[in-house]
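Read-outs throughout are calculated quantities, based only on the coordinates presented, and are distinct from any laboratory measurement. Remember, predicted model here, so these are calculated numbers, not experimental data. Cβ coordinates were reconstructed from backbone atoms using ideal geometry, including for glycine residues, and neighbour counts include every protein chain displayed.
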Amino acid sequence: MRSCSPREIRHAPHYDSAELMNKGLRVLYSFPNKLGGARICFTAWQQINGLAAAGADVLVFPASSCRPLPSGVAMQPTLARGKLRVPFRLLGKRRARFVHDHIVARRIEKLAGQIDIIHTWPSGACQTLKAAARLGIPTVLERCNSHTRHAFEVVNKECGRLGICLPPDYEGAAGEDALELEEEEFGLADRLLCPSPFVVRTFLDKGFPEERLARHMYGFDDSKYFPAADYQPNKARGLRMLFVGVCSVRKGLHFALEAWLRSSAHRNGIFTIVGEFLPDYAKKLAPMLSHPSVRALGHRKDVPELMRNNEVLVLPSIEEGSPLVCSEAIASGCVPLVSDICTDPCRHMLNALVHNVGDVEALAQHITLMDEDRELLQALRAAGLNQRSRLTWQAAGLRLLEVYRETVSMYLENRENHSMAICGN
């Protein structure tokens, strides 16, 4: 943890560790995008719901919002008023996030002593983190993916191998300026919120101390993702395999297609792909996508139903944070076949089959195993369904609140040690 200055000590909240465990934690949640939208915007919205259910006192500063929050959660958008929003396309994403960050930093200057911890998100947090440091408020920074430079390196290396050039605004194609911005944020936050062991490892590899890396988790919506009530094992039909996500190099869809066509399942089974393609990537994969056992559906809104109707989900990613589709699949009775960077909550031969990144032969064997050994498939499915309650957004909210308390407690201990050092001098 970073050291506190004498000014920070004067402004910091004056409660001890015992009080911390017995009080409702006051959380400021800053999100520099449209809360409740797609992908990370939905993740942030669900996190806030989970925190509210866990008992946190949450004040939310999003850029804008498109979904309601639970009663009791206060929200003050930075780039919207009522139904009027400042479009990101008007300012540009980077400029819009900078403006959001500036507004949040100004607002918290007036909230000193009223906030116990600040939760920030990447690419819109530098000014907020600096203001929090001046005011003596501990901070956490969400890491929805691995260390940004690591992600940039591995995705671009694989693109080079495949002969694909990513557009500048596509995931995995961040420029040096964006990388430097996020790395500055990494250095300013007290702790980084890491949703998987893989994310932790990428930061350890970059020299970050373990105590600054806090493990939390993501969840699934149990009102949408659940097993089919009339499910019956069907050994007679071919295997049904599903891919859900952005159809990109990062997600390793090319490995999945190659493995599917090497497996026994492609003879009588169906491989359904849900998600939008980068045109160059689709062109590269066209020969495999044209196989009669492969169906590319594009973007769909019936993913929960598709998960209930497929036996396995495939996700051979080369870079991830903690993909929500894995928890959603487990909760739906769809067994994950994933790379070894998707191992939270997937466990090999317990509720999933796990292969090393890029090992197409191992993935092909796993697909064949699920096709030919339906008793094993049913055992993995049942084990996954047994852990549904531990994977919900409610469970994630409880864990995140624990991380907040740990972080504030560590900050207080550091502050006390710093205070004693000042007195000793």
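Between the DSSP loop rule and a limit of at most 15 other Cβ atoms within 10 Å, which chymotrypsin sites (Phe, Trp or Tyr not before Pro) in the stretch 200-253 are left?
TYR231
For all pairs of alpha-carbon atoms in the stretch 116-252, what percent lies in each bin of width 5 Å, listed from the first bin to the last filled one?
It works out to 2, 8, 15, 16, 16, 13, 10, 8, 6, 4, 2, 1, 0, 0, in whole percents.
To the nearest µm²/s, what D does Stokes-Einstein give for the stretch 228-279 at 4 °C and 1.567 mPa s, using the Kirkwood radius over alpha carbon pairs as Rh?
D, rounded to a whole number, is 104 µm²/s.
Would you mind calculating the relative contact order of the stretch 219-356 from Cα pairs under 8 angstrom and at least 6 residues apart, reporting the percent as a whole number?
The normalised contact order for the stretch 219-356 reaches 28 percent.
Once you order the gyration tensor axes a ≥ b ≥ c over the Cα atoms, which shape class does the stretch 58-130 get: rounded for a/c under 1.5, otherwise prolate or oblate by comparing a/b with b/c?
oblate
What number, rounded to the nearest 500 deg cm²/dmol, is the helix-based mean residue ellipticity at 222 nm of the chain, given -39500 (n - 2.57) per DSSP H run of at least four residues and division by all its residues?
-13500 deg cm²/dmol
Considering all alpha-carbon pairs of the stretch 240-389, what whole percent are spaced by more than 23 angstrom?
Value for the stretch 240-389: 26 percent of Cα pairs lie more than 23 Å apart.
Summing Lys, Arg as +1 and Asp, Glu as -1, what charge do residues with Cβ under 10 Å from the Cβ of GLU311 carry, GLU311 excluded?
+3
Please state the charge dipole magnitude for the chain, taken about the Cα centre, from unit charges on C-beta atoms (+1 on K and R, -1 on D and E), reported in debye and rounded to the nearest 20.
My answer is approximately 1300 debye.
If you add up the charges near THR120, with Lys and Arg at +1 and Asp and Glu at -1, over every other residue whose beta carbon is less than 9 angstrom from its beta carbon, what do you get?
Taking every Cβ under 9 Å from that of THR120, the sum is -3.
If you bin the C-alpha pair distances of the stretch 51-201 every 10 Å from 0, what whole percents do you get?
Spelled out per bin, shortest first, that is 10, 33, 36, 17, 4, 0.
Convex hull over the Cα atoms of the chain, averaged projected area in nm²?
Dividing the Cα hull surface by four gives the mean projection, 21.3 nm².
Pairs LYS34/LYS224; LYS235/LYS301; LYS251/LYS284; LYS224/LYS284; LYS93/LYS283: which are spaced more than 25 Å apart, C-alpha to C-alpha?
Result: LYS235/LYS301; LYS224/LYS284; LYS93/LYS283 exceed 25 Å.
In the chain, with Lys and Arg counted as +1 and Asp and Glu as -1 at Cβ, which of these residues, LEU84, PRO287, LEU59, has the Cα nearest the positive end of the dipole, that is, farthest along it?
Among LEU84, PRO287, LEU59, the one farthest towards the positive end of the dipole of the chain is LEU84.
For the stretch 175-304, report the translational diffusion coefficient in µm²/s to the nearest whole number, using Stokes-Einstein at 37 °C, 0.692 mPa s, and a Kirkwood Rh over Cα pairs.
Translational diffusion coefficient: 179 µm²/s.
Counting Lys and Arg as +1 and Asp and Glu as -1, what is the net charge of the other residues whose Cβ lies under 12 Å from the Cβ of ALA331?
Taking every Cβ under 12 Å from that of ALA331, the sum is +2.
Determine the percent antiparallel among the DSSP beta bridges restricted to the stretch 19-156, to the nearest 5.
Of the beta bridges lying entirely in the stretch 19-156, close to 10 percent run antiparallel.
Per 10 Å bin, what is the whole-percent P(r) computed from every C-alpha pair distance within the stretch 235-319?
Bin by bin from 0 Å, the calculated values are 18, 55, 26, 1.
Rounded, prolate or oblate for the stretch 318-398? Axes are the square roots of the Cα gyration tensor eigenvalues, ordered a ≥ b ≥ c, and the cut-off for rounded is a/c under 1.5.
oblate
Given the options ILE330, VAL274, VAL249, identify the residue whose Cα lies farthest towards the positive end of the charge dipole of the stretch 240-389 (+1 on Cβ of Lys, Arg; -1 on Cβ of Asp, Glu).
Sorting the options by dipole projection puts first VAL274.
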